[in-house]
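S.K.: This is the structure I want to talk about, given as structure tokens.
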Amino acid sequence: MKVLDPEYSARATMGTSHPGLALKNRTILIVANDRAKVRSLTDILRPEGYLVTTLDAAAAGDFPETAADLILLDVELPGVPAFEICRRLKDRGGAAATVIFIASQSDPQEVVEGLAAGGVDYLPSPFRRQEVLARIRVHLLNRLRLAQLNKDDKAKNRLLCMAAHDLRNPLVSIRALANIMRAGSVGTVTSEQHDLLDTVYDASQSMLDLVNELLDVSVLEAGELKLTPHPTSLTELIAASVRLSNAIAAEKGSLIAVEPGPLPPELSIDGPKIRQVLNNLLGNAIKFSPPGSTITVATFLTPGHCAIAVRDQGPGIPESESARLFKDFSRTSVKPTGGESTTGLGLSICYTIMQAHAGTIGARSLPGGGAEFRITFPVNP
């Protein structure tokens, strides 16, 4: 980073008018070609305890990585436009610095373009000390509050993940013990006792499903979803999911039928994760279709994409509620036909898994009744 003047890059002296301890030592980078602007801003910021560094126009075109909390960026830079510099900074992601533009005149179109590029505010020049300090304090405090919210959110996810882990093992044990007892392995079970054990087993399974979904959500929200892609046959994944789900469908007198279409021999995907998506879509199709229904799985191959569609014979998707389908804990007014439980988490997990595969998931009501859920994968030529 090329510094205009060593004096303005020195560690700022702490002043007595500091707005709060939280803003001490916050780094502000001034990017301007006008030395008078740099000097004026530095003289305003220095007594407030901010650490001020500067970058001249020659280096701004190839903007370096910076640990600055806030950047004051002059819109009158020569060479690369300031708005383009701002866009590049935002494209880097992560904890990108907050950008405030410096403008000599208030041009409405310029303001719109700057905000669209990722800036949060404008500082009009010539500078008014109280206005400069007020705007900078507001945006730095907002940045700190956002960082604290992110920290709290991560702590919540860790707690949720730990709770789900701790709950899962006893639930698995309860379900297994109920299954052993109702099978008569530890003695004769009366019909009434068998009914009670069925209830215990079903309840523990429902709770286990909820715990597993909460665990998935906590992992996804923490940004810890890790894919392990391998060359995988979608045809084999579909067959395995259909085989398992048909056993569940049989309890309602329903059937899952496959309408095979062309698919690539293999795709580089995380097979278990995609199997989870398929199981979820098939499970929902069984839940929301009446007893005795036929659920259809169809496959398609088009230039650049392949798709798997799951079609049910339920009531379809209310048009006014379709936007809520893939959000956490969101349910539509449509109820399962056999009294099955639903958490509203499954489809949001499917959405995240498909996004991680650069794919898509969508849903629509079918003209003759029922709904179709379709997942699509990119296919390299």
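S.K.: Determine, from the Cβ-Cβ distance of Leu255 and Ser333 and an R0 of 22 Å, the FRET efficiency 1/(1 + (r/R0)^6), rounded to the nearest 0.05.
M.R.: Numbers: r = 27 Å, r/R0 = 1.21.
After rounding to 0.05, the efficiency reads 0.25.
S.K.: What net charge is computed for the residues neighbouring Ser233, neighbours being all others with C-beta under 14 Å from the C-beta of Ser233, Lys and Arg scored +1, Asp and Glu -1?
M.R.: Numbers: positive: Arg275; negative: Glu236, Glu266, Asp270.
With Lys, Arg at +1 and Asp, Glu at -1, the neighbours total -2.
S.K.: Along Cα→Cβ, 7 Å out, is where each label goes; now give me the distance between the ones at Leu227 and Ala134 in nm to one decimal.
M.R.: 4.9 nm
S.K.: Counting other C-beta atoms within 10 Å, which of Lys335, Lys252, Lys287 has the fewest, and how do the rest follow? Please list the in-between numbers first.
M.R.: Values: Lys335 14, Lys252 17, Lys287 21.
Fewest to most other Cβ atoms nearby, the residues stand as Lys335, Lys252, Lys287.
S.K.: Enumerate the amide H contacts of Gly261 below 5 Å, restricted to partners 5 or more residues apart or on another chain; note that Pro and chain-start residues carry no placed amide H.
M.R.: Thr299
S.K.: According to a simple spin-label model (label point 7 Å from Cα along Cα-to-Cβ), what is the distance in nm between Glu319 and Ala116?
M.R.: 3.2 nm
S.K.: Moving on to the next point. To make sure I understand, if each residue's beta carbon is the centre and we count other beta carbons within 10 Å, what order do Lys90, Lys226 fall in, fewest to most?
M.R.: Details: Lys90 14, Lys226 9.
The most exposed by this proxy come first: Lys226, Lys90.
S.K.: Tell me, Leu41, Leu263 in order of fewest to most beta-carbon neighbours within 10 Å?
M.R.: Details: Leu41 25, Leu263 19.
The most exposed by this proxy come first: Leu263, Leu41.
S.K.: Give me, ordered by chain and number, the residues 5 or more places off Ile102 or on other chains with an amide H under 5 Å from its own placed amide H.
M.R.: Close amide H contacts, sequence-distant or interchain: Leu73, Asp74, Val75, Leu123.
S.K.: Also, I was wondering about something else. For region 250-257, take each phi angle, set θ = phi - 60°, evaluate the Karplus expression 6.51 cos²θ - 1.76 cosθ + 1.60, and give the result in whole Hz per residue in order, putting x for glycine and proline.
M.R.: Whole-Hz 3J(HN,Hα) from phi for region 250-257: 4, 5, 9, x, 9, 9, 9, 10.
S.K.: Let me ask something additional. For Thr232, list long-range residues whose amide hydrogen, built 1.01 Å from N in the peptide plane, is under 5 Å from its own amide hydrogen.
M.R.: Those qualifying (amide H under 5 Å, at least 5 residues apart or on another chain) are Leu267, Ser268, Ile269.
S.K.: Another question, if that's okay. I need the phi-derived Karplus couplings for region 226-234: 6.51 cos²θ - 1.76 cosθ + 1.60, θ = phi - 60°, integer Hz, Gly and Pro marked x.
M.R.: 10, 8, 10, x, 9, x, 9, 8, 5
S.K.: Sticking with this one: For region 190-197, in order, what is each residue's ³J(HN,Hα) by Karplus, 6.51 cos²θ - 1.76 cosθ + 1.60 with θ = phi - 60°, in whole Hz (x at glycine and Pro)?
M.R.: Coupling constants for region 190-197: 6, 4, 5, 5, 5, 5, 5, 5 Hz.
S.K.: Another question, if that's okay. So if we plug the beta-carbon distance of Ser104 and Asp152 into 1/(1 + (r/R0)^6) with R0 = 41 Å, what FRET efficiency do we get, rounded to 0.05? Please report the intermediate quantities before stating the final value.
M.R.: Working: r = 41 Å, r/R0 = 0.99.
So, using R0 = 41 Å, E works out to roughly 0.50.
S.K.: Let me ask something else about it. Apply 1/(1 + (r/R0)^6) to the Cβ-Cβ distance of Thr302 and Lys90, taking R0 = 30 Å, and write down the FRET efficiency to the nearest 0.05.
M.R.: Details: r = 34 Å, r/R0 = 1.14.
It comes to 0.30.
Read the figures in this text as sums done on the coordinates, not as results from a lab. As the structure is a computational prediction, the values presented were derived from the model and not from experiment. Cβ: placed from backbone, ideal geometry, glycine included. Neighbour counts: every protein chain shown.
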